[in-house]
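Below you'll find the structure, written out as structure tokens, and then a few comments.
Here, each number is a calculation from the coordinates, and none is a lab measurement. Remember, it's a predicted structure, so these values are computed and weren't measured experimentally. Note that we place each Cβ from the backbone using ideal geometry, even for glycine, and neighbour counts take in every protein chain shown.
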Amino acid sequence: MKRIIAGLALLTASQVAMAGAAGGDAGCGWGNALFKGNSGTANHVLAGITNAIFGNNTFGMTTGTNGCSTSGALGYGGKNAVSAIMDEFSEDVARGEGDALNTVAVLYGVEPEDRDTFALVMHENFAVIFPSEDVTANEMIASIEEVMKADPTLAKYITA
């Protein structure tokens, strides 16, 4: 029971932190102002929680205050969601089936009728996607996309 509560608390804290930092600039909101100059997970989580509790990121983006700006393009400083399940994905690609393989297909917007093709093409190109055990997430993602571009059925799911 303690593990479940701890897991839920961690999940909630990370979601609040992500939500608090999702919009506007990286230095946007009261939490960022309050914890300015600090680093580490705890400070980021506390800044995100502060921003989420007071809703000041949204207010700041709407009014151009609180260090927030909506003039720039949105970006994402994290890794692609595919890289988060890289190990499970590699195992599924080797087998030619599995939840991680299906999840990646969904992330790429592959329609249900093309998911068997996606699984087969990924399986057939395992050595291309994972040329060594030291392949990075970025290399893996680039290879997935190259393999998809080369397949007539899957090419439509890769945007230029």
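At a glance:
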item: Two-site label geometry, Glu145 and Asn38: point separation in nm, points 7 Å out along Cα→Cβ; result: 3.6 nm
item: Mean Cβ neighbour count within 10 Å, used as a protection proxy, ranking 28-35, 133-140, 60-67 highest first; result: 28-35, 60-67, 133-140
